């Protein structure tokens, strides 16, 4: 099987590429290196099973000469706290349309990286794939990212109805681990690790009582791999995450990371009010129900937060700060 991965030099993309190549898949990895890094795929250089293409998926011609059975679309603009809402909406839409057009013309199956953020402000946790998607006020730009993903999900399903393309939509919950971006783009854990390694205060947004679940990247990749290889994943939506019982507050996550690096020390924390981001709104709980992917695809997360963080800390110690 031949697979195209967009965002292949990024965090999840590079780990997925490694897994697929090790499983004897032919992989074409495309990345413009805005958020990815060549060091993440350096070990694949020269491997006949892997072909790296430097290019931008917003360019409709980049895919013309490449063909695959499956396209895993991971490339994305993220929450506008890190960029602007227009760029998030514009680029995510352009990339989506180019990938869908390619899947229609080549009859490739599309695996789309959606996000747990689509569940928005729904207070009923854990979220299953049929849960309501509840957005906040239109003038709060942080919802632009989630809305771009919701639109994409609907667009892909519409193209299935209209053109018959097969798809799988994957909603990721809090992936972290080796090759993660070291800025806020990579999530709070990457920044907390960087701060703790330098013995600097960890910046916590709000009061730190918002909760998340965090999924080690090997478990995330296992979920994607099963979506690629299992026919039961065709035309389905799956949460890919860890168990709901792993829910943890952001302040407790910061303390855990500090104590893994500096045992028995009081963590250095500083609290940043949301007002500093302008008009911003956070989600207080984001917890998955993963029973669907467990029952249909046999998925089971195996890496605990403690063990995953230990691996990630050891890796991040070796990486220059970004």
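The values are calculated or read from the model by the stated rules, or taken from the named source; none is laboratory data. Keep in mind it's a predicted model, so treat the numbers as computed, not measured. Neighbour counts run over all protein chains shown; Cβ positions are idealised from the backbone, glycine included.
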For residues that are closer than 24 Å to residue 60 by Cβ and over 14 Å from the mean Cα position of the chain (by Cα), scanning just the range 3-22, find the one that is surrounded by the most Cβ atoms within 10 Å (Cβ to Cβ).
17
Candidate set: the range 132-163, residues that are in a loop (DSSP other than H, G, I, E, B) and in contact (Cβ under 8 Å) with a residue 24 or more places away in the chain; chosen: the one surrounded by the most Cβ atoms within 10 Å (Cβ to Cβ)
142
The residue that is nearest to the chain's Cα centre (by Cα), considering only those in the range 181-217 that are within 18 Å of residue 249 (Cβ to Cβ) and part of a strand (DSSP E or B), is 215
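Is it the case, given these coordinates, that residue 93 is touching a residue at least 12 places away in the same chain (Cβ under 8 Å) and in contact with a strand residue (DSSP E or B) (Cβ under 8 Å, 6 or more places away or on another chain)? Walk me through it before giving the result.
Values: touching a residue at least 12 places away in the same chain (Cβ under 8 Å): yes; in contact with a strand residue (DSSP E or B) (Cβ under 8 Å, 6 or more places away or on another chain): no.
For residue 93, the condition - touching a residue at least 12 places away in the same chain (Cβ under 8 Å) and in contact with a strand residue (DSSP E or B) (Cβ under 8 Å, 6 or more places away or on another chain) - is not met.
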Test residue 113 against the criterion of being modelled with pLDDT of 95 or more, touching a strand residue (DSSP E or B) at 6+ places or on another chain (Cβ under 7 Å) and either in a strand (DSSP E or B) or more than 26 Å from residue 234 (Cα to Cα) (or both), and give yes or no.
yes
Which residue pairs have Cβ atoms closer than 8 Å, lie 6 or more positions apart in sequence or on different chains, and pair a first residue in the range 261-284 that is more than 29 Å from residue 123 (Cβ to Cβ) with a second residue that is in a loop (DSSP other than H, G, I, E, B)?
262/199; 268/199; 268/200; 268/201
In the range 4-19, residues that are in contact with a helix residue (DSSP H, G or I) (Cβ under 6 Å, 6 or more places away or on another chain) and not in a helix (DSSP H, G or I) total 4
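Residues are listed down the side, and each one gets a yes or a no for (1) over 24 Å from residue 179 (Cα atoms); (2) modelled with pLDDT under 95; (3) out of contact with any helix residue (DSSP H, G or I) (no Cβ under 8 Å at 6 or more places or on another chain):
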| position | (1), (2), (3) |
| --- | --- |
| 34 | no, yes, yes |
| 66 | yes, no, yes |
| 73 | no, no, no |
| 102 | yes, no, yes |
| 107 | yes, no, yes |
Members of the range 278-317 found to be part of a loop (DSSP other than H, G, I, E, B) and closer than 21 Å to residue 256 by Cβ, listed by number
282, 283, 284, 287, 301, 302, 303, 304
Taking the criterion of being assigned to a helix (DSSP H, G or I), under 19 Å from residue 8 (Cα atoms) and without any contact (Cβ under 8 Å) to a residue 60 or more places away in the chain, would at least one residue in the range 102-109 satisfy it?
yes
Just for the range 60-100: of the residues that are within 22 Å of residue 274 (Cβ to Cβ) and crowded, with 23+ Cβ neighbours inside 10 Å, which one is nearest to the chain's Cα centre (by Cα)?
77
All but one of (1) in a helix (DSSP H, G or I); (2) over 19 Å from residue 30 (Cα atoms); (3) modelled with pLDDT of 95 or more hold for residue 86, so report the exception by its number.
(3)
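Scanning the range 281-302 for residues that are surrounded by fewer than 18 Cβ atoms within 10 Å (Cβ to Cβ) and touching a helix residue (DSSP H, G or I) at 6+ places or on another chain (Cβ under 9 Å), which turns out nearest to residue 202 (Cα to Cα)?
Within the range 281-302, the subset surrounded by fewer than 18 Cβ atoms within 10 Å (Cβ to Cβ) is 281-282, 284, 291-292, 294-296, 298, 300, 302.
Going one step further and asking which of them are touching a helix residue (DSSP H, G or I) at 6+ places or on another chain (Cβ under 9 Å), we end up with 281-282, 296, 298, 300, 302.
Details: 281: 20, 282: 18, 296: 40, 298: 37, 300: 32, 302: 28 Å.
Filtering first and then ranking leaves 282.
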Out of the residues in the range 230-243 meeting the condition of being assigned to a helix (DSSP H, G or I) and in contact (Cβ under 8 Å) with a residue 40 or more places away in the chain, tell me which one is surrounded by the fewest Cβ atoms within 10 Å (Cβ to Cβ).
232
